[in-house]
Amino acid sequence: MLKLHIGSGGLWMPGWVHIDKAWALAPKGIEFIHHDLSQGIPFGDGTVDLIYGSHMLDHFSVETGAIPLLKECYRVMKAGAVARFAVMNVDKIVRAYQRHDMERFDYCQPAFYRQTKSQGLRLGVFLAGSLSGHREYTGHWWTTDFVGFEELARAAGFETIAEVQAGESASIAMQMDVEDTYEDHSLYVEVTK
């Protein structure tokens, strides 16, 4: 079973092939391909069983990055294959802002964010993602709700699209291997070819 973890960063999952341009070293026993996903996915048509991408699609522009990458996922997936994506959930983030509860995201933000008193500035910094310690980090280009993600997935050719909860999956292997992160601001979506 060929399982791809695209935009993997430093989150390593045994048994998965990790693809990322920002990381060059992987722990022993972890398969890693140093590759820029804006140049496509380096696998043949219909060869992949599972794809996982967590908080990476929203680091590409919609038109020139996210939709083409979703099309690449569709291309490399076998019939019946499942891809799971986590992106920033605009509904959860706006609700936190409206409740004056942007502090709930302190755990995943740098010191400047935690020291800022303004809920509006925290919202802007959180959405822009400009405070990462990674030089290649481009920040978030967009955030969405399920209807918006469904539109992107359909533009890439997918017809079976479902919002799922953290830890749930249509794939037993995905459910066993993937540990979803950032539940407080994530939208989890699975697409099936």
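Results, tabulated for the structure shown:
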| item | result |
| --- | --- |
| Among residues of the stretch 12-25, those that are open to solvent by 40 Å² or more (accessible area, probe 1.4 Å), under 26 Å from A166 (Cα atoms) and over 15 Å from the mean Cα position of the chain (by Cα), counted | 3 |
| Among residues of the stretch 23-35, those that are within 28 Å of H185 (Cβ to Cβ) and touching a strand residue (DSSP E or B) at 6+ places or on another chain (Cβ under 9 Å), counted | 5 |
| Counted residues, the stretch 93-108 - those being within 24 Å of E151 (Cβ to Cβ) and open to solvent by 10 Å² or more (accessible area, probe 1.4 Å) | 3 |
| Residues (in contact with a Leu (Cβ under 9 Å, 6 or more places away or on another chain), closer than 20 Å to D58 by Cα and part of a helix (DSSP H, G or I)) located in the stretch 76-96 | V90, D91, K92, I93, V94, A96 |
| Only listed residue being farther than 20 Å from D184 by Cβ and either charged (D, E, K, R) or touching a residue at least 24 places away in the same chain (Cβ under 8 Å) (or both), chosen from R84, R104, R75 | R75 |
| Filtered residues of the stretch 1-53 (kept if under 19 Å from S171 (Cβ atoms), in a loop (DSSP other than H, G, I, E, B) and aliphatic (A, V, I, L, M)) | M1, L2, L11, M13, I41 |
| Conditions (1) among the aliphatic types (A, V, I, L, M); (2) surrounded by fewer than 15 Cβ atoms within 10 Å (Cβ to Cβ); (3) in contact (Cβ under 8 Å) with a residue 12 or more places away in the chain; number of the one not met by V147 | (3) |
| Count of the stretch 34-88 residues which are on the phi > 0 side of the Ramachandran plot, over 15 Å from the mean Cα position of the chain (by Cα) and modelled with pLDDT under 95 | 0 |
| Given (1) in contact (Cβ under 8 Å) with a residue 40 or more places away in the chain; (2) surrounded by 13 or more Cβ atoms within 10 Å (Cβ to Cβ); (3) out of contact with any His (no Cβ under 9 Å at 6 or more places or on another chain), number of the condition H35 does not satisfy | (1) |
| Residue within the stretch 64-87 that is over 30 Å from V17 (Cα atoms) and of a type in the set (D, E) present | no |
| So G120, is it surrounded by fewer than 18 Cβ atoms within 10 Å (Cβ to Cβ), at positive phi and not in a loop (DSSP other than H, G, I, E, B) | no |
| Residue match in the stretch 178-185 (condition: in a loop (DSSP other than H, G, I, E, B), farther than 21 Å from V17 by Cβ and modelled with pLDDT under 90) | no |
| Single residue of the stretch 157-177 satisfying the filter (small (G, A, S) and more than 19 Å from V17 (Cβ to Cβ)) that is surrounded by the most Cβ atoms within 10 Å (Cβ to Cβ) | A162 |
| Subset of the stretch 39-92 (residues that are open to solvent by 10 Å² or more (accessible area, probe 1.4 Å) and aromatic (F, W, Y)) | F43, F60, Y74 |
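The values are calculated or read from the model by the stated rules, or taken from the named source; none is laboratory data. Nothing here was measured: the structure is a model prediction, and the numbers come from that model. Note: ideal-geometry Cβ built from the backbone for every residue, glycine included; neighbour counts use all protein chains shown. Heavy atoms of the whole protein, side chains included, go into the accessibility calculation; ligands, DNA and RNA do not. Shrake-Rupley method; radii C 1.70, N 1.55, O 1.52, S 1.80 Å.
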